[in-house]
Amino acid sequence: MAFSCKNSSKFNGFSGCIKMVMVGTSAIMMQRRTLAMEASLCVKKSKKKGADSVTRPNSQISAAMAAVTPLLLLLLLSSAPSFSSGSRNAYNINGRVKIPQGLGTKGYALPGRMSNVKVLLNGGQNITFLRPDGYFSFHNIPAGTHLIEVSAIGYFFSPVRVDVSARNPGKVQAALTENRKGLSELVLEPLREEQYYEIREPFSIMSLLKSPMGLMVGFMLAVAFLMPKLVENMDPEEMRRAQEEMRSQGVPSLSSLLPGGARN
Amino acid sequence: MAIMSFIFAFFFFSSLQPILSLYEDQVGLMDWHQQYIGKVKQAVFHTHKTGRKRVVASTEQNIIATLDLRSGEIFWRHVLGPNDVVDGIDIALGKYVITLSSGGSILRAWNLPDGQMVWESSLHGPKHSKSLLLTTNLIIEKDNSLIVFSNGRLNAVSCIDGEVLWKKDFEEESLEVQQVIQPPGSDFIYVVGFAASSQFETYKINAKNGELLKHESTAFSGRFSGEVSLVSSETVAALDSTGSILLTISFHNGKISSQQTPVSNLLEDSPGLAVIIHSSVTGIFAIKTDAATIFIRVIGEGKLEVVEKTNHETVVSDALSISEGQQAFALVQHAGSNIHLTVKPAHDWDSNLLKESIKMDQQRGFVHKVFINNYIRTDRSHGFRALIVMEDHSLLLLQQGAIVWSREDGLASIIDVTTSELPVEKAGVSVAKVELNLFEWLKGHVLKLKGTLMLATPEDIAAIQYMRLKSSEKSKMTRDHNGFRKLLIALTRAGKLFALHTGDGRIVWSHLLQSLHKSESCRQPIGLNLHQWQVPHHHALDENPSVLVVGRCGPSSDALGVLSLVDSYTGKEFSSLRLVHSVAQVIPLPYTDSTEQRLHLLIDADKHAHLYPKTPEAIDIFQSEFSNVYWYSVDDDNGIIKGYALKTKCSGNVADEFCFDSRELWSIVLPSESEKIITTATRKLNEAVHTQAKLIADQDVMYKYISSNLLFVATVAPKASGEIGSVTPEESWLVVYLIDTVTGRVLHRMTHHGSQGPVQAVLSENWVVYHYFNLRAHRYEMSVIEIYDQSRADNKDVWKLVVGNHNLTSPVSSYSRAEVITKSQSYFFTHSLKAIAVTLTVKGITSKQLLIGTIGDQVLALDKRFLDPRRSVNPTQAEREEGIIPLTDSLPIIPQSYITHSLRVEGLQSIITVAAKLESTTLVFAHGLDLFFTHYAPSRTYDSLTEDFSYALLLITIVALVAAIFVTWILSQRKELQDRWR
């Protein structure tokens, strides 16, 4: 255990690390794991200080462990993620669904509308519901990239890509997949309202007139009332000629078409 | 005149509003929706307070629901996730429903009136264990608390906000906690369990702070088997692992004393292996043997006495405390077609508080569970109501010797659906009870006209709506001209067959299948699928149509099969047989015998083919088509797809002329280290294709490759077969194949890198559409593959056609090796999918739409034109005219094209499309926990008038026109006369 003591003296600046190393027992596996844990903690701390210092603790460790096999270094890197949370490999995703007031005033205002909203993780693998204030949480989620969908009748929600980082527990990165917009916090709002029904146009004279029926009636009226006017404005000479022409061609008038008109 | 009205009518047709979607007042005209909750596992009554009486139920389908105790209607309902199995429910503080789920790791509280979740807390523990929920009226730090034992940890949780007040771990590896008991009125808790299955352990815990007060343990010579039954708050009864010795253990004040009684001492005849029944009645417990249920009373210090031995199927309820220190429980026994409900006080077996006999429909089977609740009658005596769960999963409320309401919750777990035609309307027999007379008909239409002109008063609107919904036309029991009225025949997990009328969704008949009934020879029967056995057409119209129900006696594929034939008009099971072979596959052959019975080939696990029906006529028909029968099998586990053909008659020692040996024709072995089969899809057998040619822009023709032997297979990297997010894009891929199942030829293979399942696919005509997850973009995608026959492409030359030098008349056959080309395109799609289907019309002329069951349990219709590989960003003018939509990266979701409009089909499992006789219309049936049915016209109802067509307006127009003609005639005559006089 000689080298581990040396270690601790070197890392005096990192109080968190010292304890860990002191815990290390003589069993070599245990020791490796503690060191690995220590390293990950150190990396995290140094990250806050600045990017240039990231490599420092690692190099220090390796320098201190020159006697130890290089395999240790490998272990250092590979086992780092599994230690970053208390309960191994399980995280919680907390978020909130917010339906803005003003939306949803018409239509589906069923009692307890918020209670009909479901939040689904990874295509229905986990389902959770909203608390009265709109908050939801998924428990025991492994680190990785996940997809959250919100199912709410009357609203269109974009699915959200959520990255649960193993290195920074509790840190959740989220982005809407529909428009690739990043979310600073997991607050989901509907992109738009969904109207499932066609809206009946209210009755109006214009719509009646615009319909084919209306146009047809309009045309007929126009013919019935405007044509005689046109005829009146015609030159009487010309009209007589036209009438004669019509008679000679034998174009029947409306009255002659009908049974009563046969008299003449 | 005739011409005039014809022109008018023509204009009427063309002026119809292009409605693809619904108006809100059209809900319920063509569609119906039914909600179910599934088989009830646990029920808790809430009847103390004034107000509406409710019952809270949890079901095997992971649902929490509250039902109206008066009518059985659902107040609210929540469907938990597939892995979120409900372990226990209770009511706390009189206003919260508490549920413990997910193996005891999630505790939720729901507001009783509206179902809003109030709090949720996650409970963890050191190890996996039994989960127990105990509501107490214990007050810790002013909070009412719950005691939850789960995952090896005892938690006290506040009812108000779900906060854990204290916890105590039971980490000992071998400890199996069986019960958590709080003796009434005390402030300590007993945790009782077995350690290493031979040690009995009790822990006495302070309920205020979780402190361990006392720990005692005693070793026994034998081993315990599973369950214990609580006899009193300080006594339990258990059985040893041989099932022959009864142990009563009392742990009064932490001191354990036990008594062993061999079961044979209590019963004269050897009962065989006994199992303890979980119940909570003070002083009494029950054991169940193969032959009987035995009730045993504990008298004094571990002395046992048999109080009753019943040989019928008997179900006992939990104890219900009816007044101070008095408990009651219910027993349900079967006697012929009646059931006897008895409520007894716990302390006195011989007296009855209630004894009722209720006539029960034989089709409901045995009673599986009973829950009781009491109420005070006006004369201050106790009345009881019982909620019973039947073998067919239905739920009934019994009160005062009658069934108050019943719910057919078996329909929440449909396995397979098929349809059947209704009887033809015979002359002289009026089936509709009330035929409308002409005056009423006209009145109705005038009302409708008022409605369209927006002149109707609210009463009129209500009358119109009522008239539309109650139209006797749609729920008649006869075949209609348009083919809208049919029977939907559904097989449920409980082994019951239901026939639903498509008009209004009512149950026409239901039948509990004998073949799927538990019996000595068939211990675990499960239904597999339904096939149309006999569809009388031309020369067998007197026969009723029938359906074939295929099942097997166990979950493994080599379990023996069972068949039933059921008349689809009456629901009578006219034939039921146990097979001597297993059923791995059922192939309906396209041949029928003289009575229109369809020939079916059943393939067993050893790849023998068995022909049904077993008639000489069938074998004659089959012999002539012997060489044309091919089939394939997909082995998901090993990644092998094999094709088979028939060889000879079975060579076995039994001379069975209906059994045939098969030979393997081809096989495709996928590398198991890189590909795992997750989905396959084939074309529907009954799909009609109108034309093989597809006219494209510039007067060009493409020939669709239409083969009924096309198989779509999707495989993923074995690593990526898990859930989303478990792999990186680099190590996952999706490979899709199009395979000809007769020759085994791979027509097309395509790889999507960085994608993974689950894959939902649908194959129709010459295209396949599938949905998967793209890990790189982290979005869902849908792809389309269209396959065209290139060998016919040179038939465009008119001269060749004239000379006869073309191959258009040669049949499409798997024997000829057609040259094919494929086109493919992918698009993003927003939602996860639960199911996908395509509309089906009788002649296949109407354009297709995809029906997509989204994760939100809605069904979305999406025009196939959006999934056309020929879409491009800038289509040419000619392509635009052809109807090609400019390419976009994602598929649009138009809210109006949700065919389920504002409804949800909770737990959606599959979407079934059936062609109506009217070419434009598809009947769509979506089922899951809920059922939803509607008519859907993918290209609008171009061949019929819509429901809201106003005949009255047409009539009035015609009358007005006739009047106008007469008026103008008179006017013109008068004018002519005046002209003459002039």
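Remark: residue B:855 matches the filter, which requires a residue to be within 12 Å of chain A (Cβ to nearest Cβ), crowded, with 18+ Cβ neighbours inside 10 Å and not hydroxyl-bearing (Ser, Thr, Tyr).
Taking the condition charged (D, E, K, R) and in contact (Cβ under 8 Å) with a residue 24 or more places away in the chain, does residue B:143 pass? Answer is no for this residue. In this entry, residue B:751 passes the filter for residues that are more than 14 Å from every other protein chain (Cβ to nearest Cβ), closer than 30 Å to residue A:177 by Cα, surrounded by fewer than 16 Cβ atoms within 10 Å (Cβ to Cβ) and of a type in the set (Ser, Thr, Tyr).
Return yes or no: is residue B:38 touching a His at 6+ places or on another chain (Cβ under 8 Å), crowded, with 20+ Cβ neighbours inside 10 Å and away from chain A (no Cβ under 13 Å)? So residue B:38 fits the description; yes. Looking across the range B:498-544, the residues that are in contact with a helix residue (DSSP H, G or I) (Cβ under 9 Å, 6 or more places away or on another chain) and not in a loop (DSSP other than H, G, I, E, B) come down to B:498, B:500, B:501, B:507, B:509, B:510, B:511, B:512. Only residues that are surrounded by 20 or more Cβ atoms within 10 Å (Cβ to Cβ), within 9 Å of another protein chain (Cβ to nearest Cβ) and assigned to a strand (DSSP E or B): list them for the range A:142-159, please. A:146, A:147, A:149, A:150, A:151, listed by residue number. Which one of these is more than 14 Å from chain A (Cβ to nearest Cβ) and either free of Cβ contacts under 8 Å to residues at least 24 places away in the same chain or in a strand (DSSP E or B) (or both): B:698, B:661? Criteria check complete, one pass: B:661. Residue B:651 meets each of the listed conditions (1) touching a Pro at 6+ places or on another chain (Cβ under 9 Å); (2) in a loop (DSSP other than H, G, I, E, B) apart from (1). Do we find a residue being more than 31 Å from the chain's Cα centre (by Cα) and on the phi > 0 side of the Ramachandran plot anywhere in the range B:134-149? Yes - at least one qualifying residue is present in the range B:134-149. The listed residues are B:78, B:33, and the only one of them that is at pLDDT 90 or above, within 14 Å of chain A (Cβ to nearest Cβ) and surrounded by fewer than 20 Cβ atoms within 10 Å (Cβ to Cβ) turns out to be B:33. Residue check: residue B:668 meets all listed conditions (1) within 14 Å of residue B:639 (Cβ to Cβ); (2) aliphatic (A, V, I, L, M); (3) assigned to a helix (DSSP H, G or I) but one, namely (3). For residue B:611, the requirement of being under 30 Å from residue B:486 (Cβ atoms), aliphatic (A, V, I, L, M) and within 28 Å of the chain's Cα centre (by Cα) is not met. Within the bounds of the range B:298-318, is there any residue that is in a loop (DSSP other than H, G, I, E, B) and at pLDDT 80 or above? Yes, the range B:298-318 has at least one match. Looking only at the range B:100-109, decide whether some residue is within 14 Å of another protein chain (Cβ to nearest Cβ), more than 26 Å from residue B:177 (Cβ to Cβ) and modelled with pLDDT under 90. No, the range B:100-109 contains no residue that is within 14 Å of another protein chain (Cβ to nearest Cβ), more than 26 Å from residue B:177 (Cβ to Cβ) and modelled with pLDDT under 90.
Taking the conditions (1) within 22 Å of residue B:277 (Cβ to Cβ); (2) loosely packed, with under 15 Cβ neighbours inside 10 Å; (3) assigned by the TED database to the domain that holds residue B:406 in turn, residue B:305 satisfies each one other than (3).
Could you run through the range B:180-190 and say how many residues are part of a strand (DSSP E or B) and under 13 Å from residue B:230 (Cβ atoms)? Total meeting the criteria: 3. Among the residues of the range B:110-140, how many are within 13 Å of chain A (Cβ to nearest Cβ) and either farther than 22 Å from residue B:192 by Cβ or at pLDDT 90 or above (or both)? Qualifying residue count for the region: 14. A single entry from B:149, B:194 fulfils the requirement of being among the aromatic types (Phe, Trp, Tyr), without any contact (Cβ under 8 Å) to a residue 60 or more places away in the chain and farther than 28 Å from residue A:128 by Cβ: B:194.
Selection of strands (runs of 3 or more DSSP E) fully inside the range B:910-982 by the criterion of at least 1 residues being within 14 Å of another protein chain (Cβ to nearest Cβ) and more than 47 Å from the chain's Cα centre (by Cα) returns nothing. Among the residues making up the range B:44-75, those that are on the phi > 0 side of the Ramachandran plot and either in contact with a strand residue (DSSP E or B) (Cβ under 6 Å, 6 or more places away or on another chain) or within 12 Å of chain A (Cβ to nearest Cβ) (or both) are B:62, B:72.
Just give me the residues in the range A:162-187 being at the interface with another protein chain (Cβ under 10 Å from one of its Cβ atoms), in contact with a Gly (Cβ under 9 Å, 6 or more places away or on another chain) and over 14 Å from residue A:92 (Cα atoms), in sequence order.
Selection gives A:175 alone.
Are any of the residues in the range B:724-734 modelled with pLDDT of 85 or more, buried (at least 22 other Cβ atoms within 10 Å of the Cβ), over 18 Å from residue B:820 (Cβ atoms) and within 14 Å of chain A (Cβ to nearest Cβ)? Within the range B:724-734, one or more residues are modelled with pLDDT of 85 or more, buried (at least 22 other Cβ atoms within 10 Å of the Cβ), over 18 Å from residue B:820 (Cβ atoms) and within 14 Å of chain A (Cβ to nearest Cβ). For residue A:131, indicate whether it is within 9 Å of chain B (Cβ to nearest Cβ) and under 26 Å from residue B:829 (Cβ atoms). In short, no.
Restricting the first member to the range B:503-525 and to residues that are among the β-branched types (Val, Ile, Thr), and the second to residues that are assigned to a loop (DSSP other than H, G, I, E, B), the beta-carbon pairs closer than 8 Å and six or more apart or on different chains are B:507/B:408; B:508/B:477; B:508/B:571. Filter the range A:114-128 down to the residues that are facing another protein chain (nearest Cβ under 7 Å) and more than 14 Å from residue B:83 (Cα to Cα) and list them by number. Within the range A:114-128, A:114, A:115 qualify.
The values are calculated or read from the model by the stated rules, or taken from the named source; none is laboratory data. Please read these numbers as outputs of a predicted model, since none were measured by experiment. Every residue, glycine as well, gets a Cβ built from its backbone with ideal geometry; the counts of neighbours run over all protein chains shown.
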